[in-house]
Amino acid sequence: MKKSIAKQMGKRWCEMTVELEGGRLSICGSTGEIMATPKAKAEARRYWESFFEENSGEMEAMNKRMGTRYTSPKGAAAFVLREDGPFHGLDVVSVPLPSNGNVFVADAFGQITETLSLFFPEVKPFLRWHLNDMKAECTHQEARGEKWATHPEAVCPDCGYRLGSQWLKRELPPEVLAWFGRLGTDVVAPVPPKVRKPVTPQVAALPGVAPLGLKGSRS
């Protein structure tokens, strides 16, 4: 079962996703900026103009592939955004919060523990149970603060376990299960968007933006 909660703080948002499956707990999230639609469109335009300015060969390749004749980064950027959506290049996501005509642009994903603790202080006591079935240290080593980074392959004097030799599971205590039961609402998997062949090249994107030429921006 997967549950999700989202909160807003000023112009920032954060969504926490907690999953419990087969006794395994996962606490992850995503966060980013709440942008006014005109600002988001301007950011996407600046990104593509800068991309074509720095990679003129990509504009030539796009012209050859699409049968276009763009010679300026502005023209090429405008074409990309017309074809692939006005926010293409930004990681625009759907968040269960009122948009008020704004867009949610993500810039961090995964085990963002500091951000999750800031938006959801109540999660702090439970973060230690994240991936409770993938512990490299035994309970004795954990109690002593021994980790792989500080005590690689250390042998526990209490039980003989060699740190990092296997993944160990910690059974979730009742208070963790009770906390999960009180969390938000179940997450319903979204319907996948209709795939359309992009006009932009598939190369690595800048941090915080979707890979070029992919519909990952969900624009």
| remark: Given (1) touching a residue at least 60 places away in the same chain (Cβ under 8 Å); (2) not in a helix (DSSP H, G or I), Asn100 misses just (1)
| task | Say whether the condition of being in contact with a Leu (Cβ under 9 Å, 6 or more places away or on another chain), over 30 Å from Val92 (Cβ atoms) and either assigned to a strand (DSSP E or B) or at pLDDT 95 or above (or both) is met by at least one residue in the stretch 176-185. | result | yes
| request: Determine if the stretch 72-95 includes at least one residue that is part of a helix (DSSP H, G or I), free of Cβ contacts under 8 Å to residues at least 24 places away in the same chain and not aromatic (Phe, Trp, Tyr). | output: yes
| Counting just the residues of the stretch 126-163 that are touching a residue at least 24 places away in the same chain (Cβ under 8 Å) and outside any loop (DSSP other than H, G, I, E, B), which one comes out nearest to Arg24 (Cα to Cα)? | Trp129
| field | Residue check, Leu212 in the same structural domain as Leu97 (by TED's automatic domain parsing), hydrophobic (A, V, I, L, M, F, W, C), surrounded by 11 or more Cβ atoms within 10 Å (Cβ to Cβ) and at pLDDT 50 or above | value | no
| Can you tell me which residues in the stretch 61-71 are assigned to a helix (DSSP H, G or I) and out of contact with any Phe, Trp or Tyr (no Cβ under 9 Å at 6 or more places or on another chain)? | Ala61, Lys64, Arg65
| request: Report whether or not Lys7 is in the same structural domain as Thr113 (by TED's automatic domain parsing), under 21 Å from Ser117 (Cα atoms) and surrounded by fewer than 18 Cβ atoms within 10 Å (Cβ to Cβ). | output: yes
| task | Determine whether Gly101 is in the same structural domain as Ala178 (by TED's automatic domain parsing), in contact with a Ser or Thr (Cβ under 9 Å, 6 or more places away or on another chain) and loosely packed, with under 13 Cβ neighbours inside 10 Å. | result | yes
| request: Have a look at Glu15, Glu49, Glu21, Glu43 and point out the one that is in contact with a Lys or Arg (Cβ under 6 Å, 6 or more places away or on another chain) and at pLDDT 95 or above. | output: Glu49
| request: Taking Ala154 as meeting all but one of (1) surrounded by 13 or more Cβ atoms within 10 Å (Cβ to Cβ); (2) within 26 Å of Gly22 (Cα to Cα); (3) touching a Gly at 6+ places or on another chain (Cβ under 9 Å), write down the number of the exception. | output: (2)
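The values are calculated or read from the model by the stated rules, or taken from the named source; none is laboratory data. Just so we're clear, the structure is a prediction, and the values are computed from it rather than from any experiment. Using ideal geometry, Cβ is built from the backbone for each residue, glycine included, and neighbour counts are taken over all protein chains shown.
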